Amino acid sequence: MTPADVGLPRGARRRTPGLRREEVAQLCGVSATWYTWIEQGRPVSASADALARIAIALRLSRAERAYLFELAAQRDPGGPDAGAADAPAALLASVGLIATPAYVLDPQWNALAWNAPAAELFVGWLDTGKPGPTAGVLVPQEAPGGAANLLRYTFTSPAARALIVDWETRARRLTAEFRADSIRHLNDAPTRALLDALIAECDPFAHFWASQDVFEREGGRREFDHPTRGRVAYDQITFVPAQRDDMKLVLLIAQREPCSAKAAPAADVRRPGPAPSRC
């Protein structure tokens, strides 16, 4: 990148065709000394806004920008979740092309779109959608944060307790996965509102959340007691879109082997006694 590329005069004789540190600092609106210390890796404080200006000035790619903020242990104010709230149209449309149950989750685990097999499976959650803009795609009847939220469904819907085999183990695991998944969004207003509401309304969620367990979201076997089909089993696979790593595409692939009479609890989930029940 040359001075001409960013609208700066070339100036006098240069040892390098690229930008000098002083010029980068000028573009970022910071002092040359401070920027030099950043380049040298000195232990200086760098705000998220300052890092964002550096990323813009240096025209970093999406991956380079993400790496910069990761190194600085800062949240990117211009990250994928800070701009448009809408998911890419192609991501939402993709669920209509999938033959197995599939749905898209946003950072708060609101279901943004799903297909007919998912609506048939998830009684009380995804069976109340309306046709979306693309064939085969269903979308929420109401705004995200309501009935289409996975956590709210799991903890407050009687249908979820009847559907999900070994509900307590699965609910505990989901809470720990959400804690890990939401770390970047924990102080965002939508996430905070969801957590505050669930903690206030639902003793089991408050109990599990207070345990502060953290688990990476995993796939694997999922069993359900469907009201019309009986015990059914699936393999869950989760995909993270390259350009929206705050969203998820979840697929459930039907298993052919017989279902267990009773689901076994997950081995890596700690069980510090029974949870209180209010919801």
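The values are calculated or read from the model by the stated rules, or taken from the named source; none is laboratory data. A quick note: this is a predicted structure, and the numbers were derived from the prediction, not measured. Cβ: placed from backbone, ideal geometry, glycine included. Neighbour counts: every protein chain shown.
Please report, ordered by residue number, the helices (runs of 4 or more DSSP H) entirely within the range 31-138 with at least 3 residues that are at pLDDT 85 or above.
Counting at least 3 such residues, we get 32-39, 48-57, 89-94, 116-121.
Hey, among the residues in the range 26-66 that are within 22 Å of the chain's Cα centre (by Cα) and surrounded by fewer than 13 Cβ atoms within 10 Å (Cβ to Cβ), which one's farthest from I183 (Cα to Cα)?
Result: S61.
Here is a check on your reading of the model: is R217 surrounded by fewer than 19 Cβ atoms within 10 Å (Cβ to Cβ) and touching a Ser or Thr at 6+ places or on another chain (Cβ under 7 Å)?
yes
Might you check whether a residue that is among the β-branched types (V, I, T) and over 16 Å from L151 (Cα atoms) occurs anywhere in the range 210-231?
The answer is yes, given that some residue of the range 210-231 is among the β-branched types (V, I, T) and over 16 Å from L151 (Cα atoms).
Count, please, the residues in the range 119-136 that happen to be within 23 Å of A160 (Cα to Cα) and hydroxyl-bearing (S, T, Y).
Residues flagged as within 23 Å of A160 (Cα to Cα) and hydroxyl-bearing (S, T, Y) within the range 119-136 amount to 1.
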